[in-house]
Amino acid sequence: MGDINLRVDRLESESSIRRLVAEYCHGADKRDIDRFLSVWTPDAVWQMSADVSFRGKDAIERVVRAQWRAFAQYVHWTTNVSLVVSGDTADGECDVAVLVRLHNGRWIRSGGTYRDRYRRLDGTWFIAHRDASIGFDIDLPAEASEVPERFDSL
Amino acid sequence: MGDINLRVDRLESESSIRRLVAEYCHGADKRDIDRFLSVWTPDAVWQMSADVSFRGKDAIERVVRAQWRAFAQYVHWTTNVSLVVSGDTADGECDVAVLVRLHNGRWIRSGGTYRDRYRRLDGTWFIAHRDASIGFDIDLPAEASEVPERFDSL
Amino acid sequence: MGDINLRVDRLESESSIRRLVAEYCHGADKRDIDRFLSVWTPDAVWQMSADVSFRGKDAIERVVRAQWRAFAQYVHWTTNVSLVVSGDTADGECDVAVLVRLHNGRWIRSGGTYRDRYRRLDGTWFIAHRDASIGFDIDLPAEASEVPERFDSL
């Protein structure tokens, strides 16, 4: 069965990581910048597509603030959290149901999968890498005319 | 790392509270009154808005039964559960995707956030306070003509 | 409080079962047959309705492959996981939000509840029985003309 302290440590790590996954959403959706930034390592990477990614909290803050300007409301509901913890690193995959409300009032549904790498620094777990590049549209995506121009100026 | 019994106790508490959050939905949506009432402390408060709340199991039962009359079906899908356990009390926040089917057949989507206080009594965890006042509409809310009059007679 | 090893074992079992519930969805939705089949016991039963069920991995593989042919995309978002672990068996109930995209592009929403029995074999947890018979439609279900004929030839 292994050492009891290590077994409990692994369970505590899972608990902390599940909380990170939730706090990312609460921070993003309630537009609480401190809460949102608290989930990332200082040098975390937020990957948006195969060739677009943002590294570090300053860049991550710029991106989330641009999303907040672009959409009147942003909703992330995560599910199917599957974690593998190994010492001070962990890998995870979860699905997310996404809703955005445009400034013209239209709601748009989409979905996706987050592929994550977590890291423990000084006893606290953080998201070190979130690949948010896998997604699909359900409703018609926002057209250029429906989104403020400044969305692209990250 | 702290005492192993306390660490395991905290993890068991989290497990119990996650189950409470799920059982609330199963009780409400499967219309099983015993299951629904089993999640609350005897003097629990179910807060609906800044100035409307219901205290105690009798009041809570009246409210949920009124909801069951008002809607042909009620669906609660909770996500983003974030818990902080401290001894025999705990605080939690989770999001909820809500679907209701009106008696005329129309489905309405909404969403919200539950802010909870949990309490352990004689070794069992319960919801002591659920603030369900934070929400938003996705589809057009039910009009008065779409809901039975008795919805308001809690 | 009970023996610490047994208490930790129960928490580890819950962690493993939550992962099973997630992996079922990742396997089904990402169309990864090995991942999907890995969650089931060799003699597992996948119950579709009161009188239709499939036993064993060969039958389960035939069913999921027929679903993959029938729908251009299949999405399962599970929530409200409620588990009771007892030694090497466990019972669980969870809700699921389901989205399918037909080959004609139409998206259809439905919902349901999984009632599960899990079993531990040689230290690893599996789904032994999943009753997926409880469900409801939100949007108009797929008409015969919208689904390939081969959907029924499991």
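The values are calculated or read from the model by the stated rules, or taken from the named source; none is laboratory data. Quick caveat: nothing in here was measured; it's all calculated off a predicted structure. Cβ coordinates were reconstructed from backbone atoms using ideal geometry, including for glycine residues, and neighbour counts include every protein chain displayed. Heads up: the accessible areas ignore ligands, DNA and RNA and are worked out on the full protein's heavy atoms, side chains in. Shrake-Rupley method; radii C 1.70, N 1.55, O 1.52, S 1.80 Å.
Let a ≥ b ≥ c be the square roots of the eigenvalues of the Cα gyration tensor of region B:1-59; is it rounded (a/c under 1.5), or, if not, prolate (a/b larger than b/c) or oblate? Note, shape of region B:1-59 comes out prolate.
Here the sum of -39500 (n - 2.57) over DSSP H runs of 4 or more residues, divided by the residues of the protein assembly as shown, equals -9500 deg cm²/dmol at 222 nm, to the nearest 500. The fraction of accessible area contributed by carbon and sulfur in region C:34-141 is 48 percent, rounded to a whole number (1.4 Å probe; ligands and nucleic acids excluded).
Please work out the FRET efficiency for the pair B:Ser145 and C:Glu143, using the Cβ-Cβ distance as r and a Förster radius of 41 Å; give the result to the nearest 0.05.
FRET efficiency, B:Ser145 to C:Glu143: 0.85.
Probing with 1.4 Å while keeping every protein chain in the model, the per residue accessible area of the protein assembly as shown equals 44 Å².
When chains B and A come together, the accessible area they lose, probed at 1.4 Å and totalled over both chains, is close to 1900 Å². Kindly identify residues of region A:1-39 having a loss of at least 50 Å² in accessible area between the isolated chain and the assembly of all protein chains, probe radius 1.4 Å. Residues losing area: A:Ile4, A:Arg7, A:Val8, A:Leu11, A:Glu12, A:Ser15, A:Arg18, A:Arg19, A:His26, A:Lys30. Rounded to the nearest 10 degrees, the angle from helix C:57-70 to the longest Cα principal axis of chain C is 40 degrees. For the peptides C:36-45, A:28-37, the ranking by mean Cβ contacts within 10 Å, running from highest to lowest, is C:36-45, A:28-37. Under the convention that each Lys and Arg Cβ holds +1 and each Asp and Glu Cβ holds -1, the size of the dipole of the protein assembly as shown around its Cα centre is about 220 debye.
Computed from the Cβ-Cβ distance with R0 of 56 Å, the FRET efficiency linking A:Leu37 to C:Arg62 stands at 0.70. Relative to the longest principal axis of the Cα atoms of chain C, the long axis of helix C:4-29 lies at roughly 10 degrees. Model label sites at A:Asn104 and B:Asp51, defined 7 Å from Cα along the beta-carbon direction, differ in position by 3.8 nm. By the Stokes-Einstein formula, at 0.890 mPa s and 25 °C, chain C with its Kirkwood radius over alpha-carbon pairs has D equal to 150 µm²/s. Remark: the C:Asp88-C:Ala72 segment gains 2.0 nm on full extension, using 0.36 nm per residue and subtracting the alpha carbon distance.
Reducing region B:69-144 and region C:82-154 to their Cα centroids gives an inter-centroid distance of 23 Å.
Let a ≥ b ≥ c be the square roots of the eigenvalues of the Cα gyration tensor of the protein assembly as shown; is it rounded (a/c under 1.5), or, if not, prolate (a/b larger than b/c) or oblate? In terms of gyration-tensor shape, rounded. Taking the charge dipole of region B:1-107 about its Cα centre, with +1 at Lys and Arg Cβ atoms and -1 at Asp and Glu Cβ atoms, the residue from B:His76, B:Ala44, B:Leu102 reaching farthest to the positive side is B:Leu102. Take each residue in C:73-85, count the other chain C-beta atoms within 10 Å of its C-beta, and the mean is 6.
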